[in-house]
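Heads up, the thing below is written out as structure tokens.
The values are calculated or read from the model by the stated rules, or taken from the named source; none is laboratory data. Small disclaimer: the values here were computed from a predicted structure and weren't measured. Don't worry about glycine lacking a Cβ; one is built from the backbone with ideal geometry, like all the others, and counts go over all protein chains shown.
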């Protein structure tokens with residue numbers, strides 16, 4: 001008995017000694033029912049050190065004391081970072097994080113669909129809540145309430161979608177996955193539809209040239225996709241089932257697995273199928289192609305606190321499309337003029353690895369990015385055949401250092417390498433191109449009391465096909481007051497043309513492709529200025545944003561479809577080509593639970609076509625958006641309504657066609673309306689919605705649809721919706 005008492009006293013003494021040497025605690029958050037809930041994966045560390053841990057599944061942590069340091073930092077992505085003074089005797093501690101993160105001039109909360117980042121580059125963040133306000137089956141449907149990004153169908157047969165920023169085609173914007181080049185090359189026509197909505201955590205939409213760290217390709221902007229991360233995402237199992245009135249079905253499944261304290265993995269799966277042959281306008285062509293897509297990703301996030309952190313993602317995609325005339329069968333002999341059809345088969349493999357080594361905490365680090373892409377694209381468009389393979393590799397290694405303790409001066413410097421091998425065959429012609437582009441870059445940042453941030457960067461790249469690229473860029477943000485900020489940007493960008501894959505929409509016509517000269521790299525300057533004013537309304541931060549951007553091309557590949565109806569001509573710019581883009585946006589909260597976004601955008605885009613400076617075809621000058629989002633208490637019900645107005649667009653010349661096949665000089669002004677309602681239960685959300693519920697659509701979008709093998713056939717003249725009202729329903733299941 002005495003022995004047991006002695007051992008018990010020894011255990012209590014030892015435990016007390018261990019507790020005296022370590023700080024213990026639990027981190028909590030308030031859930032949407034305003035009840036306390038433990039927070040797993042929060043980073044807890046002593047200020048100014050690399051000594052830290054992550055909270056376990058019970059929100060608990062144990063951290064050794066550091067002599068002379070009483071400042072404890074608690075950080076979690078999407079939550080306000082907290083710094084706490086620990087006093088003697090404060091053991092264990094109880095910490096509650098706020099689920100509101102303060103940014104300069106803007107408050108971000110869980111209910112907000114979009115907000116402006118505090119970065120010096122004008123960046124609008126579309127949050128997970130914003131993505132759930134619409135069907136958002138994929139990236140192309142994520143910009144419903146964005147005035148900055150226009151999305152439209154590229155043709156009336158394949159179902160491909162394209163974007164525009166600052167009035168220019170999406171090829172001039174850099175599409176990234178977590179700061180890694182992602183949608184480029186053979187992904188151009190359908191890449192937006194290869195990113196499932198349920199995989200995304202947020203989308204960062206930046207206007208103007210991006211940082212030189214990310215390369216030379218950004219001219220009009222950058223769209224950086226943020227996928228769900230296992231280290232911060234609480235979804236042990238997420239399911240999304242979707243069905244629309246065209247019988248398109250989707251299944252999305254995400255699951256998170258914690259391997260150990262410093263490593264976790266996530267599996268993401270997407271399946272979609274569109275099996276129904278529909279021809280509502282009775283032109284003899286399917287409204288949308290028959291489509292099956294299987295998409296899978298596995299990602300690993302890992303870190304050794306204060307030393308190394310990284311993530312690795314591997315994904316595979318298979319996509320097949322069959323479309324054209326109602327009675328077309330892929331088993332037909334396509335060398336005959338029996339029925340017109342299109343067929344597209346895609347296989348894509350991606351591997352991305354990002355790693356960072358911390359040398360002196362957050363003050364000095366080395367980062368590396370490596371990616372590999374294998375993309376196989378086999379297709380036919382009527383009697384046109386296009387097969388291509390892309391093999392791409394990308395590497396980026398950079399050094400970052402705060403040069404002083406006050407963190408006013410920061411430098412970034414590094415090396416990059418991009419290699420692309422394209423093997424293409426278009427009808428009877430074969431093309432092989434190898435682009436090898438080593439590059440070097442440097443960037444200096446000046447940060448003064450969070451009032452002024454100025455960034456100057458420069459990079460040199462040597463392209464073995466197009467020669468030397470020199471890319472200067474500057475960005476600055478001035479916080480004029482706590483509620484006002486001004487941003488300016490200027491810089492240069494380049495891109496390599498890929499005329500076949502970037503113009504597959506024109507393959508759905510009778511036009512012949514003609515390249516009149518050796519094509520050069522595209523090159524342009526971009527400058528911009530923006531002003532943001534915030535103000536309070538019903539305890540919420542509202543914002544008013546106004547911006548203007550000017551893009552001026554040194555060289556551009558002109559796609560001339562105005563010269564005649566039988567050809568499309570490609571040649572280098574001879575004259576001027578520019579874009580003026582101005583936008584104003586107001587986000588405010590007049591009632592509790594109600595968010596209103598109103599925006600207006602004006603574009604003036606001109607290019608020299610066949611020696612004449614003309615308006616860019618199929619581009620609207622004016623666009624207006626009104627979005628109303630209302631959520632009841634605890635978000636049990638959510639309602640969303642979006643109205644979009646597009647002004648008229650210049651249509652390509654068709655005056656050489658017979659009168660029956662001629663188009664007017666301009667399209668009409670039109671509006672579309674989308675709506676969605678969501679009912680939330682504990683682990684389940686049920687949503688119902690309708691797109692384009694006024695049923696507005698472009699009548700007879702295919703010219704000469706009755707004679708698809710004739711000289712006047714053209715399915716690429718798309719200026720508006722090509723399908724009418726479409727209802728949908730879905731269910732989301734989220735087990736945490």
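Quick look at the values:
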quantity	calculated
All positions within segment 470-496 that are free of Cβ contacts under 8 Å to residues at least 24 places away in the same chain and not in a strand (DSSP E or B)	480, 481
Tally of residues being part of a loop (DSSP other than H, G, I, E, B) and over 31 Å from the mean Cα position of the chain (by Cα) across segment 700-736	11
Options 455, 499; residue that is in contact (Cβ under 8 Å) with a residue 60 or more places away in the chain, part of a loop (DSSP other than H, G, I, E, B) and within 25 Å of the chain's Cα centre (by Cα)	499
Of all residues making up segment 285-332, the number that are farther than 30 Å from residue 355 by Cα, in contact (Cβ under 8 Å) with a residue 60 or more places away in the chain and surrounded by fewer than 17 Cβ atoms within 10 Å (Cβ to Cβ)	0
Hey, residue 266 under 21 Å from residue 40 (Cα atoms) and touching a residue at least 24 places away in the same chain (Cβ under 8 Å) or not	yes
Identity of the residue in segment 669-683, over 17 Å from residue 623 (Cα atoms) and under 26 Å from the mean Cα position of the chain (by Cα), that ends up surrounded by the most Cβ atoms within 10 Å (Cβ to Cβ)	676
Meets criteria (assigned by TED's automatic domain parsing to the domain that holds residue 458 and more than 30 Å from residue 323 (Cα to Cα)) for residue 174	no
Where residue 120 falls short, out of the listed (1) at pLDDT below 95; (2) in contact with a strand residue (DSSP E or B) (Cβ under 7 Å, 6 or more places away or on another chain); (3) under 27 Å from residue 343 (Cα atoms)	(3)
Elements of type strands (runs of 3 or more DSSP E) in segment 256-329, at least 2 residues being under 30 Å from residue 725 (Cβ atoms) and more than 27 Å from the chain's Cα centre (by Cα)	308-324
From 218, 198, residue being more than 23 Å from residue 311 (Cα to Cα), at pLDDT below 95, crowded, with 23+ Cβ neighbours inside 10 Å and out of contact with any helix residue (DSSP H, G or I) (no Cβ under 6 Å at 6 or more places or on another chain)	218
Segment 119-141 - residue that is assigned to a loop (DSSP other than H, G, I, E, B) and out of contact with any helix residue (DSSP H, G or I) (no Cβ under 7 Å at 6 or more places or on another chain) and, of those, nearest to residue 640 (Cα to Cα)	133
Residue that is in the same structural domain as residue 376 (by TED's automatic domain parsing) and either under 26 Å from residue 185 (Cβ atoms) or touching a helix residue (DSSP H, G or I) at 6+ places or on another chain (Cβ under 8 Å) (or both), where the choices are 445, 416	416
Subset of segment 43-89 [more than 24 Å from residue 405 (Cβ to Cβ), modelled with pLDDT under 65 and over 35 Å from the mean Cα position of the chain (by Cα)]	87, 88, 89
Residue within segment 622-639 that is closer than 27 Å to residue 502 by Cα and either assigned to a strand (DSSP E or B) or at pLDDT 95 or above (or both) present	yes
Qualifying strands (runs of 3 or more DSSP E) (wholly inside segment 503-556; at least 3 residues being within 29 Å of the chain's Cα centre (by Cα) and farther than 30 Å from residue 429 by Cβ)	522-537, 540-555
Checking residue 144 against (1) at pLDDT below 95; (2) in a strand (DSSP E or B), the condition it does not meet	(2)
Hits in segment 383-397 - residues which are surrounded by 19 or more Cβ atoms within 10 Å (Cβ to Cβ) and in contact with a helix residue (DSSP H, G or I) (Cβ under 7 Å, 6 or more places away or on another chain)	384, 388, 390, 392
Residue identified as surrounded by 13 or more Cβ atoms within 10 Å (Cβ to Cβ) and either farther than 25 Å from residue 147 by Cα or not assigned by TED's automatic domain parsing to the domain that holds residue 562 (or both) among 666, 662	662
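Rundown of residues vs (1) assigned to a strand (DSSP E or B); (2) more than 25 Å from residue 342 (Cβ to Cβ); (3) outside the structural domain of residue 508 (by TED's automatic domain parsing); (4) free of Cβ contacts under 8 Å to residues at least 60 places away in the same chain, yes/no style:
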position	(1), (2), (3), (4)
641	yes, yes, no, yes
652	no, no, no, no
655	no, yes, no, yes
673	yes, yes, no, yes
682	no, yes, no, yes
690	yes, yes, no, yes
693	no, yes, no, yes
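Rundown of residues vs (1) surrounded by fewer than 23 Cβ atoms within 10 Å (Cβ to Cβ); (2) more than 12 Å from the chain's Cα centre (by Cα); (3) over 23 Å from residue 286 (Cβ atoms), yes/no style:
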site: 159; (1), (2), (3): no, yes, no
site: 165; (1), (2), (3): no, yes, yes
site: 168; (1), (2), (3): no, yes, yes
site: 175; (1), (2), (3): no, no, yes
site: 190; (1), (2), (3): no, yes, no
site: 202; (1), (2), (3): yes, no, yes
site: 207; (1), (2), (3): no, yes, yes
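A quick yes/no check of all residues on (1) farther than 26 Å from residue 463 by Cα; (2) exposed (fewer than 14 other Cβ atoms within 10 Å of the Cβ); (3) in contact with a strand residue (DSSP E or B) (Cβ under 9 Å, 6 or more places away or on another chain):
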{"residue": "354", "(1), (2), (3)": "no, no, yes"}
{"residue": "377", "(1), (2), (3)": "no, no, yes"}
{"residue": "381", "(1), (2), (3)": "yes, no, yes"}
{"residue": "420", "(1), (2), (3)": "no, no, yes"}
{"residue": "446", "(1), (2), (3)": "yes, yes, yes"}
